[in-house]
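The values are calculated or read from the model by the stated rules, or taken from the named source; none is laboratory data. Everything numeric here is computed off the predicted structure, so don't read it as measured data. Glycine also receives a Cβ, built like all others from the backbone with ideal geometry; neighbour counts cover every protein chain displayed. Keep in mind that these areas ignore ligands, DNA and RNA; they rest on the heavy atoms of the full protein, side chains included. Shrake-Rupley method; radii C 1.70, N 1.55, O 1.52, S 1.80 Å.
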Amino acid sequence: MYRKVEDFVEDWTVSAAGTLKVIKAITNDKLDQAIEEGHSTLGWLAWHLVGAAGAYGHFAGVQIPAPGRNDPAPTDVAEIVQAYEKVADAFKAEAAKLTDDMLLEEVTGFVGPTVRGKLLRGLIDHQTHHRGQMTVLLRQAGLTVPGIMGPTKEMQ
């Protein structure tokens, strides 16, 4: 849970940069890569992170320009990258409007009342979870896995 806005912004900046590296590693011909048929694809996961950021922003009471739940995922990675960059920048700008005291306020979350600072921690945890799935799919697709929290096997 975050109690200081500057701590959230610092963590978000690092997390978003890592996620952006992973999204940029996807190629258009591999957007449909899934662990097996019927499971989440690279394209779906990347687009989900864009949309989910908007939902987290809504619950946190900040304005994040994100697609709606039923908006189709783009078929061009560049469009996903551009949308994610807008979301990442918006979170930094909108977080600057929050105060530390606001992080302790109760807001409505995905499953009911929660503290805003806890919701924002969940945003980063959610992103990290799906980013991990995406790195596995990148490797499965034969694409280069970028270093996020240290070097990858390919970098050693």
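Descriptive notes on the structure:
- Accessible heavy-atom area order of Met134, Met149, Met1, Met102, highest first, probe of 1.4 Å: Met149, Met1, Met102, Met134
- A Förster radius of 35 Å, combined with the Cβ-Cβ distance separating Ala78 from Glu6, puts the computed FRET efficiency at roughly 0.65.
- Nonlocal amide H pairs with Val115, under 5 Å, H built at 1.01 Å: Val107
- The residues of the chain present an accessible area of 55 Å² per residue when probed at 1.4 Å with all protein chains retained.
- Measuring with a 1.4 angstrom probe and ignoring ligands and nucleic acids, Asp29 comes out at about 120 Å² accessible.
- Extension gain for the segment Gln156 to Glu105, taken as residue separation times 0.36 nm less the Cα-Cα distance, is 13.9 nm to one decimal.
- Base-10 log of normalised Debye intensity for region 90-156 (one unit scatterer per alpha-carbon) at q = 0.25, 0.28 Å⁻¹: -1.07, -1.22
- Calculated [θ] (222 nm, deg cm²/dmol) that DSSP helices of n ≥ 4 give over the chain, each run adding -39,500 (n - 2.57): -18500 deg cm²/dmol
- Cubic angstrom per residue, convex hull over Cα atoms of region 25-105: 111 Å³
- Region 42-100 versus region 8-39: alpha-carbon centroid distance in Å: 13 Å
- At 0.890 mPa s and 25 °C, Stokes diffusion of the chain via Kirkwood alpha-carbon radius, µm² per second: 153 µm²/s
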